[in-house]
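The values are calculated or read from the model by the stated rules, or taken from the named source; none is laboratory data. Quick caveat, the model's predicted, so the values are computed rather than measured. With ideal geometry, Cβ positions are generated from the backbone for all residues, glycine too; neighbour counts draw on all protein chains shown. To get the accessible areas, we keep the full protein, side chains included, count just its heavy atoms, and leave off ligands, DNA and RNA. Shrake-Rupley method; radii C 1.70, N 1.55, O 1.52, S 1.80 Å.
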Amino acid sequence: MSDTNFNRETAFSLLSEYVKSESLIRHALTVEAVMQHFAEKFNEDEEKWGIVGLLHDIDFEMYPDEHCFKTRTILEPRNLPEEYIRAIESHGYKLVNEVEPITNMEKVLYTIDELTGLISATALMRPSKSVLDLTVKSVKKKWKQSSFAAGVNRAVIEEGANMLGMSLEEVMEETILAMRKVADEIDLHGSVA
Ligand SMILES: [Fe+2]
Ligand SMILES: [Fe+2]
């Protein structure tokens, strides 16, 4: 159990109040799944990490110009613990704020947020349109093409992997494995049987 009254269900309904875009909901579900996967790997609280992943972009749709700054305004009155709020804010490190990722939970969020975008885009380029048969090698190939999914900030992903003391390949591998678990929910099952 997490150290809060918040659970997955209440977190999702809160997210639904602020996010209507289907693609942003899909992104939230993706990041949730990857956070849970890494929590399991690091023997940490899966529900807590999942909630942080689910809520990390809660202010983006309504306040795109104040992304990561409205997080606290929205979540503090809902009594989301400080640890969660800080973790969410830290995914804006060096991009919009100076909240440095310190804990493993923060470092993973920082690393995988943009990476999930690259992996999704790579999967959708494939004939199968699936994450189920996607390899690290394919993602690495697209990683090197800076014009592909140009909005994906490779430097952030690289810095995040360094913070975690993991290789880029290892982070990619784990993120793909996590995304496979929710392939249906995030529309990346594709045509793989
Ligand atoms: Fe974000
Ligand atoms: Fe995000």
For this session: Provide the FRET efficiency to the nearest 0.05 for the E61-T135 pair, computing r from the beta carbons and using R0 = 25 Å.
Result: 0.15
Exercise. When ligands, DNA and RNA are left out and all protein chains stay put, how many square angstrom of accessible area per residue does the stretch 62-193 have with a 1.4 Å probe?
Worked result: 48 Å²
Problem set entry | Solvent-accessible surface (1.4 angstrom probe) belonging to R26, in square angstrom, nearest 10 | 70 Å²
Problem set entry | Interchain or long-range residues, amide H under 5 Å from C68's placed H | D59
For this session: Determine the principal axes of the Cα atoms in the stretch 8-181, then give the extent along each, sorted from largest to smallest and rounded to whole angstroms.
Result: 44, 33, 29
Problem set entry | Which of L109, L177 is most accessible, then next, and so on - probe 1.4 Å | L177, L109
For this session: Please give the FRET efficiency for K20 paired with M125, using the beta carbon to beta carbon distance and R0 = 22 Å, rounded to the nearest 0.05.
Result: 0.20
Seminar exercise, completed: Summing -39500 (n - 2.57) over every DSSP H run of at least 4 in the chain, dividing by its residue total and rounding to the nearest 500, the 222 nm mean residue ellipticity is -18000 deg cm²/dmol
Exercise. From the backbone phi of the stretch 56-63, what are the Karplus-calculated ³J(HN,Hα) couplings (6.51 cos²θ - 1.76 cosθ + 1.60, θ = phi - 60°) in whole Hz, Gly and Pro given as x?
Worked result: 5, 10, 4, 8, 5, 5, 7, 10
Seminar exercise, completed: Sorting N162, S120, G53 by the position of each Cα along the dipole of the chain (Lys, Arg +1; Asp, Glu -1; all at Cβ), the one nearest the positive end of that ordering is S120
Seminar exercise, completed: Computed over the chain: longest principal axis from alpha-carbon atoms vs helix 8-18 long axis, angle to nearest 10 degrees, is 90 degrees
Exercise. Across the stretch 37-48, in residue order, what do the Karplus-derived ³J(HN,Hα) couplings come to in whole Hz, using 6.51 cos²θ - 1.76 cosθ + 1.60 with θ = phi - 60° and x for Gly and Pro?
Worked result: 4, 5, 4, 4, 4, 8, 6, 10, 6, 5, 5, 4
Problem set entry | With all protein chains modelled, accessible area of F6 [1.4 Å, Å²] | 20 Å²
Exercise. Under unit Cβ charges (Lys, Arg +1; Asp, Glu -1), what dipole magnitude, rounded to 20 debye, does the chain have relative to its Cα centre?
Worked result: 900 debye
Problem set entry | Two-site FRET efficiency, Q145 against E98, from Cβ-Cβ distance with R₀ of 41 Å, rounded to 0.05 | 0.85
Exercise. How do S191, S130, S16 rank by accessible surface area computed with a 1.4 Å probe, from largest to smallest?
Worked result: S191, S16, S130
Exercise. Put +1 on the Cβ of each Lys and Arg and -1 on the Cβ of each Asp and Glu in the stretch 1-103; which of P77, N97, S21 then has its Cα farthest toward the positive end of the dipole?
Worked result: S21
